[in-house]
Amino acid sequence: MKRLDFRFLHRLRVRWAEVDMQKIVFNAHYLMYFDTAISDYWRALALPYEEAMRQLGGDLYVKKATVEFHASARMDDQLEVGLRCARVGNSSVQFIGAIFRGEELLITSELIYVYADPVSQTSRPVPTVLRELLVDFEAGEAASQRLTTLRVGNWAELGEAASRVRTEVFVREQHIPAEMEWDEADQTAVHAVIYNRLGMPLATGRLLSDKEPGVGKIGRMAVHRALRGTRLGSDLVSALSAAARARGDHELVLHAQRSAEGFYARLGFLARGEPYDEVGIPHVTMGKPL
């Protein structure tokens, strides 16, 4: 088995608490590595796991987990955990896993999950939409691009979905007062919303016209907390930038939360002026020519 056999690779570094006196990883931790990788696998499918399973009306339960040892991982090793959905049966899903140190194969595994009713825990057929998601992701990059849909439109078209994401991120998570989140600018802004294959809104942002002619202002950028660090944020910025360019804007500005400053910097935005507080959260103004 080789690294190239896997589209999905989760990276980690062995920590001190995971090794014994010989600085070799305790055997039980390898299953933890696979479990952590499975969580990131669902993120790669654009599925916030708990909410997605609630919407589907079932859950996945481990039926079988086997581990075969080929070599030991050691303290401070950088490892890659590969996972592949090998088969989707009527009510079961089989994953094949492997752990690599560089190109060296250390561990192989088989994980079998059963899709079941969360109350009675009796098995159910795997929902068609979940089955298709797994098949498309494993089919290759072109197919996996269809795991999400990005829509650009006005508030009448996208307001309900955008509100769900913004309420979860800004009001519930960041504790911004609801009366400070909503304003009249929503009615005239260009909005972007990203949905997954279950129709769940995952991320949103809006584009306004700044006071200076020809300058667009991106704001209300919000991504579901389970999917931060994926491509969703950059996809939103790209879509809103295209909308600004199409209407003739020559520049973009935004008020970035300081925790997201590095994200925007990687997209070409530069900080302007001194940091400041906005709704009790440290911000910095950033800009980018189009």
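The values are calculated or read from the model by the stated rules, or taken from the named source; none is laboratory data. Worth saying up front: this structure is predicted, and the values here are computed from it rather than measured. So basically every Cβ, Gly included, is an ideal-geometry build from the backbone, and we count neighbours across all protein chains shown.
Please tell me if Ala156 is under 24 Å from Leu56 (Cα atoms) and among the small types (Gly, Ala, Ser).
The answer is no for Ala156.
Within the range 192-215, restricting attention to residues that are among the small types (Gly, Ala, Ser) and in a strand (DSSP E or B), which residue is farthest from Arg245 (Cα to Cα)? Lay out the reasoning, then the answer.
Here is the first cut: in the range 192-215, the ones among the small types (Gly, Ala, Ser) are 192, 199, 203, 205, 209, 214.
Those left that are additionally in a strand (DSSP E or B): 192, 203, 205, 209.
Values: Ala192: 15, Ala203: 21, Gly205: 16, Ser209: 12 Å.
For the range 192-215, the residue satisfying everything is Ala203.
Being in contact (Cβ under 8 Å) with a residue 40 or more places away in the chain, among the small types (Gly, Ala, Ser) and either outside any loop (DSSP other than H, G, I, E, B) or over 19 Å from Arg7 (Cβ atoms) (or both) narrows it down to one residue among Ser72, Ser39; which is it?
Working: Ser39 fails: in contact (Cβ under 8 Å) with a residue 40 or more places away in the chain.
Checking each option against the conditions leaves just Ser72.
Kindly indicate whether any position in the range 223-242 is outside any strand (DSSP E or B), among the acidic types (Asp, Glu), under 25 Å from Ala44 (Cα atoms) and modelled with pLDDT of 95 or more. I'd like the intermediate steps shown before the answer.
In the first step, residues of the range 223-242 are kept if they are outside any strand (DSSP E or B); the result is 224-242.
After this cut, where a residue has to be among the acidic types (Asp, Glu) as well, the list is 235.
Checking the rest, the ones that are also under 25 Å from Ala44 (Cα atoms) come to 235.
Subset that is modelled with pLDDT of 95 or more: 235.
Checked the range 223-242: at least one residue is outside any strand (DSSP E or B), among the acidic types (Asp, Glu), under 25 Å from Ala44 (Cα atoms) and modelled with pLDDT of 95 or more.
Quick check on the range 243-263: of everything there that is within 30 Å of Arg197 (Cα to Cα), small (Gly, Ala, Ser) and touching a residue at least 24 places away in the same chain (Cβ under 8 Å), which residue is surrounded by the fewest Cβ atoms within 10 Å (Cβ to Cβ)?
Within the range 243-263, the match that is surrounded by the fewest Cβ atoms within 10 Å (Cβ to Cβ) is Ala260.
Can you pull out the residues in the range 13-30 that are part of a strand (DSSP E or B) and either in contact with a Ser or Thr (Cβ under 7 Å, 6 or more places away or on another chain) or acidic (Asp, Glu) (or both)?
Ile24, Val25
So, of the residues in the range 13-67 that are of a type in the set (Gly, Ala, Ser) and surrounded by fewer than 14 Cβ atoms within 10 Å (Cβ to Cβ), which turns out to be nearest to Glu132 (Cα to Cα)?
By that ranking, first place goes to Gly57.
Consider the range 197-208. How many of its residues are surrounded by fewer than 22 Cβ atoms within 10 Å (Cβ to Cβ) and in contact (Cβ under 8 Å) with a residue 40 or more places away in the chain?
Of the residues in the range 197-208, 4 are surrounded by fewer than 22 Cβ atoms within 10 Å (Cβ to Cβ) and in contact (Cβ under 8 Å) with a residue 40 or more places away in the chain.
When you scan the range 140-147, do you find a residue that is at pLDDT 90 or above and either buried (at least 17 other Cβ atoms within 10 Å of the Cβ) or of a type in the set (Gly, Ala, Ser) (or both), even just one?
no
Could you list, in sequence order, the residues of the range 169-196 that are under 22 Å from Glu51 (Cα atoms) and either touching a helix residue (DSSP H, G or I) at 6+ places or on another chain (Cβ under 8 Å) or buried (at least 17 other Cβ atoms within 10 Å of the Cβ) (or both)?
Answer for the range 169-196, where residues must be under 22 Å from Glu51 (Cα atoms) and either touching a helix residue (DSSP H, G or I) at 6+ places or on another chain (Cβ under 8 Å) or buried (at least 17 other Cβ atoms within 10 Å of the Cβ) (or both): Val169, Phe170, Val171, Glu173, Ala192, Val193, Ile194, Tyr195, Asn196.
Testing Leu105 on (1) farther than 26 Å from Gly57 by Cβ; (2) not assigned by TED's automatic domain parsing to the domain that holds Lys63, one condition comes back false. Which one is that?
Of (1) farther than 26 Å from Gly57 by Cβ; (2) not assigned by TED's automatic domain parsing to the domain that holds Lys63, only one is false for Leu105: (2).
Which residue pairs have Cβ atoms under 6 Å apart, sit 6 or more places apart or on different chains, and have a first residue in the range 1-22 that is aromatic (Phe, Trp, Tyr) and a second that is outside any loop (DSSP other than H, G, I, E, B)?
Phe6/Gly82; Phe6/Arg84; Phe8/Tyr41; Phe8/Ala44; Phe8/Leu83
With respect to Leu232, determine if the residue is touching a helix residue (DSSP H, G or I) at 6+ places or on another chain (Cβ under 6 Å) and surrounded by fewer than 24 Cβ atoms within 10 Å (Cβ to Cβ).
no
Mind checking whether some residue in the range 172-191 is closer than 27 Å to Ile38 by Cα, in contact (Cβ under 8 Å) with a residue 60 or more places away in the chain and outside any strand (DSSP E or B)?
no
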